[in-house]
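Read the figures in this text as sums done on the coordinates, not as results from a lab. Fair warning: this is a prediction, and the values are worked out from it, not measured in the lab. Cβ coordinates were reconstructed from backbone atoms using ideal geometry, including for glycine residues, and neighbour counts include every protein chain displayed.
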Amino acid sequence: MRSAVSLISINEIGNDPLVRRFCRGVAALKPPRPRYDFIWDPAPVIAKLASIYAYEEVPLKRITTKLVLLLALGTGQRAQTLAAIRLSQISLGKKILIRCPDRTKTSAPGRYQPFFSFSRFLEHENLCIGQLIEHYIERTTLRPPSCDSLFISLFKPYRAVTAQTLGRWIKQGLQEAGINTETYSAHSTRHASTSQAAKKGVSSDLIKRAAGWTGESRTFANFYNRPIINPEEFSNAVLLT
């Protein structure tokens, strides 16, 4: 609002005593808070995804859900960024490299565009993103030649899907894994993956870079780094001695 008013007024509205007092009052009445006090444990979700294997026997819909959910957890990115992945920007070799040149929510002058690198899980092929991408591409060869998007619709005409569609697929995958999707949205994968990385000892700088936050950003610490729900943690600590 301040920037909009400054276009038509010579007064600095942000320094007006009444405006400052009003904004302080609003902040006191409704201070910014993280959406979740706790976040779900990724372990059972990943276990569910790992059980979807022998891809030749799995329906394309489940393959698609697994891929988008694995990418969401493995990158910590928004559905908008995943929807921007292009086939022409994927390099499949010993490592899987994915570049996203399209503008995203975190794009800004001086910032790097999203870039993802994945190792091949030779001992855990059921969780290997590279193998899953290769199979998904083979299963979606009926796409129009002009369609360069990685993710396409499940039915004809095969077209690039939106971030909203990916969000719906992510939510379906979470629901199948037992996550309460009435409480947690598709975007909660961003909370879960970054919180799990922090729990595993990954540095906050690396987490910020992976998720697209600046080094000075307090977003991760203030809103995303949530305690992970593990209802068995206490009983396990007491009983499994």
Handout entry: Alpha carbon Rg of the stretch 20-177, scaled by the compact-globule rule 2.2 N^0.38 Å
Key = 1.21
Exercise for the section: Could you sort 81-90, 158-167 so that the peptide with the highest average Cβ count within 10 Å comes first and the rest follow in order? Expected result: 81-90, 158-167
Practice task
Mind ranking 130-140, 94-104 by how tightly packed they are, going by the mean number of other C-beta atoms within 10 angstrom, highest first?
Solution key: 130-140, 94-104
Fill in the blank from the handout: Going fewest to most other Cβ atoms within 10 Å around each Cβ, Val45, Val202, Val26, Val68 line up as Val26, Val202, Val45, Val68
Problem - Nearby lysines by direct alpha-carbon distance to Lys199 (threshold 20 angstrom, same-chain neighbours under 8 apart not counted) - result: Lys208
Practice task
Straight distance only, please: which lysines reach the Cα of Lys156 with their own Cα at less than 30 Å, same-chain residues fewer than 8 apart left out?
Solution key: Lys48, Lys61, Lys66, Lys105, Lys171
Completion exercise
Taking Cα pairs closer than 8 Å and at least 6 residues apart, the relative contact order of the stretch 42-224 in percent is 27 percent
